[in-house]
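FYI, it's all coordinate maths here, none of it is from the lab. Just so we're clear, the structure is a prediction, and the values are computed from it rather than from any experiment. Positions of Cβ are generated from backbone atoms using ideal geometry, with glycine treated the same way; all protein chains shown enter the neighbour counts.
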Amino acid sequence: MRLCIVGTGYVGLVTGTCFAEMGNEVIAVDKDAQKVDMLARGDVPIYEPGLSELIVRNVAEKRLTFTTDLARGVAHAEIIFVCVGTPPSADGSSDLTAVTDVARAIAKMMTSYKLIVVKSTVPVGTCAALETHMATLTDHQFDVASNPEFLKEGAAVDDFFRPDRVVVGASSDRALKKLRYLYAPFLRTGRPLIEMATASSEMTKHVSNAMLASRISFINEVAALCDVVGADVEEVRRGMASDHRIGSQFLFPGLGFGGSCFPKDLASLAHVGRENGRRMHLSEAAALVNEEARQRFLARIVDHFSGDLSGKTLAFWGLAFKPRTDDVREAPALYLINSIAAKWPAATLRAHDPVAMDRAADAIVGKVEYGREYYKILEGADALVISTEWNEYRTPDFERMRSLMRAPVIFDGRNLHDLDMMREMKFTYYSVGRPTVTP
Ligand SMILES: NC(=O)c1ccc[n+]([C@@H]2O[C@H](COP(=O)([O-])OP(=O)(O)OC[C@H]3O[C@@H](n4cnc5c(N)ncnc54)[C@H](O)[C@@H]3O)[C@@H](O)[C@H]2O)c1
């Protein structure tokens with residue numbers, strides 16, 4: 001099929017590339033000319049495992065092209081996917097400027113029937129509003145469908161090729177037929193294409209993220225109580241998660257969730273609730289608990305140094321909001337670093353991340369020394385803060401760490417290490433919801 005993808009960020013780039021890999025002819029459009037130039041040269045602006053090879057192959061086979069020219073994409077395609085950002089506004093609502101601009105431009109450019117598919121995460125009612133607006137701008141037939149994306153950064157290509165399900169919200173048979181055909185190769189393992197009303201599809205995405213975020217906040221709230229009453233949240237988690245009704249996913253205590261989706265989607269859902277006279281108490285609470293989790297962790301660091309980090313050297317392992325991505329949006333590590341840098345400019349902050357250091361440098365306000373070697377940044381450090389659970393931080397050489405650091409102190413925001421091991425290695429070890437180890 002001939003497709004146009006508008007927005008070549010994490011979602012658009014993966015979507016366009018995976019569709020091209022299945023034999024579709026894809027024109028991917030972005031307003032960012034620098035990004036388009038990079039992509040056209042075969043340079044991939046984001047880190048996403050497996051994506052680069054697919055882009056290079058599909059560009060070479062001329063199934064995937066990049067342009068800033070939306071009119072070219074619209075003329076080429078029978079289906080146009082809108083994958084632009086929907087960032088949070090100050091009041092928590094989704095800023096739909098980019099989505100609306102793109103829909104308006106498509107309506108003005110189209111000269112025949114088009115199916116416009118909204119993949120961006122949008123509040124319920126957006127597709128209907130776009131449809132009404134577009135109808136005032138064109139005499140040509142068109143459909144607007146909702147097809148939210150559930151991929152996880154770090155495993156996005158695999159998720160796209162092997163989705164748990166594909167959700168489609170559309171009211172026209174013509175639209176549904178096209179989307180069933182397009183997605184059929186991805187659903188050969190028997191996973192469902194779930195068809196529903198457009199509003200239900202929009203809601204499905206928002207509430208799925210709210211549910212996952214709530215699980216993380218739930219276990220973090222449990223961890224906070226464990227800290228006070230002397231229980232070990234890791235033992236509690238194992239006990240809980242073994243109940244098959246509960247399960248183990250998204251139930252890991254730590255610094256809380258970040259990223260471009262959970263925080264903004266919770267806020268947007270809560271905003272929709274308020275606008276419609278229905279408080280979304282659980283979503284609001286999940287956001288609050290998440291905020292408190294990072295604040296409590298920061299307070300623990302500050303307390304250890306008796307309230308003053310001036311002159312101290314802290315090394316951070318991990319900047320991305322989670323492993324296997326370079327995305328640092330709302331990353332807990334950035335909250336910690338920016339907070340410390342703002343209050344104690346005389347603290348020395350060092351950081352390592354396998355892929356996210358360049359992006360983090362753009363988002364960090366204070367002065368940070370970035371190290372390409374994660375042991376090296378421990379030299380003379382008064383403490384290590386583990387802020388992202390990259391695999392290489394899971395079984396480090398503790399003897400070597402002790403020999404490099406000024407003081408053997410670890411603040412583990414991801415509960416990576418075993419308490420007995422920490423005792424044996426004579427570290428002062430703080431984690432989340434577990435007893436503190438002191439040598
Ligand atoms: N990142 C994720 O893991 C994820 C997962 C599921 C859903 N989503 C949703 O998908 C949407 C996109 O997310 P993302 O992370 O890919 O965003 P992103 O910020 O990485 O990419 C958005 C892209 O859209 C481009 N853009 C903005 N306005 C444009 C315009 N008018 N014309 C052409 N291009 C334009 C930007 O230049 C950018 O390249 C959001 O609504 C997000 O909530 C994201």
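Pairs over the 25 Å Cα-Cα cut-off, from the set Lys62/Lys205; Lys62/Lys114; Lys35/Lys343: Lys62/Lys205; Lys35/Lys343.
What is the packing order of peptides 293-300, 397-404, taking the mean over residues of other C-beta atoms within 10 Å and listing the highest first? If you can, show how the numbers build up before the last one.
Values: 293-300: 18.9, 397-404: 13.8.
The peptides rank, most packed first, as 293-300, 397-404.
What is the packing order of peptides 7-20, 193-206, taking the mean over residues of other C-beta atoms within 10 Å and listing the highest first? Intermediate results must be reported in sequence, preceding the final value.
Details: 7-20: 25.6, 193-206: 18.8.
In decreasing order of mean packing, 7-20, 193-206 become 7-20, 193-206.
For the stretch 1-116, a simple Cβ point-charge model (Lys and Arg +1, Asp and Glu -1, everything else neutral) yields a dipole of about 400 debye relative to the Cα centre. Rounded to the nearest 10 degrees, the angle from helix 198-229 to the longest Cα principal axis of the chain is 10 degrees.
Can you classify the stretch 2-196 as rounded, prolate or oblate using the Cα gyration tensor, where a ≥ b ≥ c are the square roots of its eigenvalues, rounded means a/c under 1.5, and otherwise it's prolate if a/b beats b/c and oblate if not? Rounded. Near the amide H of Phe316, within less than 5 Å, lie the amide hydrogens of Arg350, Ala351, His352, Val385, all on another chain or at least 5 residues away, with H placed in the peptide plane. For the peptides 272-285, 415-428, 138-151, the ranking by packing is 138-151, 415-428, 272-285, with the highest mean count of neighbouring Cβ atoms within 10 Å listed first. Let me check against my output: what whole-number percent is the relative contact order of the chain, with C-alpha pairs under 8 Å and at least 6 apart? Reported as a whole number, the value is 12 percent.
Straight-line cross-link partners of Lys31 among the aspartates and glutamates, defined as a Cα under 18 Å from its Cα and at least 8 positions apart when in the same chain: Asp43, Asp69, Asp95, Asp101.
With an a/c value under 1.5 for the gyration tensor axes a ≥ b ≥ c computed over the alpha-carbon atoms, the stretch 291-439 is described as rounded.
The alpha carbon centroids of the stretch 157-219 and the stretch 251-324 are separated by 27 Å. For the stretch 2-196, the relative contact order is 20 percent, taking Cα pairs closer than 8 Å that sit 6 or more residues apart in sequence and dividing their mean separation by the residue count.
A cut-off of 5 Å between modelled amide H atoms, ignoring neighbours fewer than 5 places along the same chain, links Val117 with Ile80, Phe81, Val82, Ala145.
Distance between the C-alpha centres of the stretch 345-415 and the stretch 2-78: 35 Å, rounded to the whole angstrom. Seen against the Cα atoms of the chain and their longest principal axis, helix 262-275 is set at about 60 degrees. With a ≥ b ≥ c the root eigenvalues of the C-alpha gyration tensor of the stretch 1-79, is it rounded (a/c under 1.5), prolate (a/b larger than b/c) or oblate? Oblate, since a/c reaches 1.5 and b/c is not below a/b. Relative contact order of the stretch 286-437: 21 percent, from C-alpha pairs under 8 Å at least 6 residues apart in sequence. Of all lysines in the structure, the ones whose alpha carbon falls short of 22 Å from that of Lys426, not counting any fewer than 8 places away in one chain, are Lys312, Lys376.
Taken about its Cα centre, the chain carries a charge dipole of roughly 480 debye when the Cβ of each Lys and Arg holds +1 and the Cβ of each Asp and Glu holds -1.
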